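Derivation of every value follows stated rules applied to the coordinates shown; laboratory data play no part. The model shown is predicted, which means the values in this text are computed figures rather than measured ones. As a convention, Cβ positions derive from the backbone with ideal geometry for all residues, glycine included, and neighbour counts pool all protein chains shown.
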Amino acid sequence: MANVNVTILGLNRLGTSFGLAIRALNGKPDHKHTFAVTGCDRRAENVRKAAAMGALDAQQLDFIAAVREADIVFLCVPYSETEEMLKLVGGALKAGAVVLDSAPLKVPSLAWADRYLLRDSDGDQQAYLVGITPILNPSYLGLPEDSPESGRADLFQDGVMIISPAPSCPPDAVQLVSDLSDLLGVKVHFTDPAEHDSIAAGMEGLPLLLQMALFRALHNSPSWSDAQWFGNPSFVLATYRLIESDPEALGALLYRNRQNLTHRLDALMAQLAHLRDMLQIEDDLLIGEAFQAAMNDYAKWHVARLRNKYSTEPDLSEATAQARSSLSLFGAFMPNFRPRDKEKKSRK
């Protein structure tokens, strides 16, 4: 039975959950390894909270000391600190160590790893970085908190581990991440780092910009003094990332992926222009039909996400029912839209 030292840098929800999940493996009778988990964070309070939840075997406030004996390093610091952290600890890693980098962009991290991670006297890299994006347990889709207290041992269970290694990454390092994902009960999906960042522009960056744009459009309008009284769930759910997010980290994320994000914005603006044109047409069912089509497609995707199975098209009625059930986590609902009946109502 091998002893594996795991160090977690950054004890937010993701880092704390990783510690809980890894330590839970020690209690399984058929496991072949014993994992010892060390946690480190710039905030001592986060380290204490993660330890109190049972996510850590050892606590550290010194990042270099935390990684010296680590076989696996799970990196989940705020994105604006990623390069600084790799520069700080890269030379302190032991030979053979593998860094699991959960940063939202992979191409920049791989460049930083090439620059900062341990090399031998011949210049050959001795420690390795593998980009990962955990796609979380569907049960937690409606819970966006990011504190240590929101960590859960099953946060990764029934999820997917997106793995984005550099082409030059040793196969053994990639296999280690894949094997660890299997131990955690997580499916594995591989993407090219550049493809990952293009997708992230749409799935992560674009929603952030939309939240900011929506709030600014309303806040800067002459009617805001009255409009602010109308803040019900629809508005809060559409702008909630403006409450606790780190603006410096968000700025770094969006700026470093700006080329991909610009393409996604162009596509979004085309959709908004199309919707504006539809609203100007004297047809009271046109927008409803657009919603019906979008809701059908969304329901199909949503039930596939709940299952993390995307190869087949789910039945639409089942998809809609499951999507409604999941959305109850937000306190939301999916109304029944009645399709156009051409015999009962004709165009004006």
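Would you calculate a helix-derived [θ] at 222 nm for the chain, using -39,500 (n - 2.57) for each DSSP H run of n ≥ 4 and dividing by the full residue count, to the nearest 500?
Working: 15 runs with 159 residues, N = 348.
When only DSSP H runs of four or more count, the value is -13500 deg cm²/dmol.
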Count the net charge of all other residues whose Cβ sits under 12 Å from the Cβ of Gly131, scoring Lys and Arg as +1 and Asp and Glu as -1. -3
Indicate the gyration tensor shape class of the range 2-191 (rounded, prolate or oblate), computed on the Cα atoms with a ≥ b ≥ c the square roots of the eigenvalues: a/c under 1.5 is rounded; otherwise a/b larger than b/c is prolate and the rest oblate. rounded
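Using the number of other C-beta atoms within 10 angstrom as an exposure proxy, rank Leu88, Leu105, Leu118 with the fewest first.
On the way: Leu88 15, Leu105 26, Leu118 18.
Ordered by Cβ neighbours within 10 Å, fewest first: Leu88, Leu118, Leu105.
What Kirkwood radius, in Å to one decimal, follows from the Cα pairs of the chain? Before the final figure, lay out each step's value.
Values: mean 1/r = 0.0445 Å⁻¹.
About 22.5 Å for the chain.
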To the nearest 10 degrees, how steep is helix 316-327 against the longest Cα principal axis of the chain, on a 0 to 90 scale? 70
If one compares the long axis through the Cα atoms of helix 286-307 with the longest principal axis of the Cα atoms of the chain, the angle in degrees, nearest 10, works out at 30
For the chain, built as a Gaussian network whose Cα springs stay under 10 Å, the top-fluctuating residue of Ala273, Ala113, Ala52: Ala273
Two-decimal log10 I(q)/I(0) for the range 120-277, as the Debye equation yields it once each C-alpha is a single scatterer, q = 0.09, 0.10, 0.12, 0.17 Å⁻¹: -0.44, -0.53, -0.74, -1.23
Using the Kirkwood formula on the Cα atoms of the range 192-266, what hydrodynamic radius do you get, in angstrom to one decimal? 13.6
Using label points projected 7 Å from each Cα along Cα→Cβ, tell me how many nm separate Asp297 and Ala213, to one decimal. 1.7
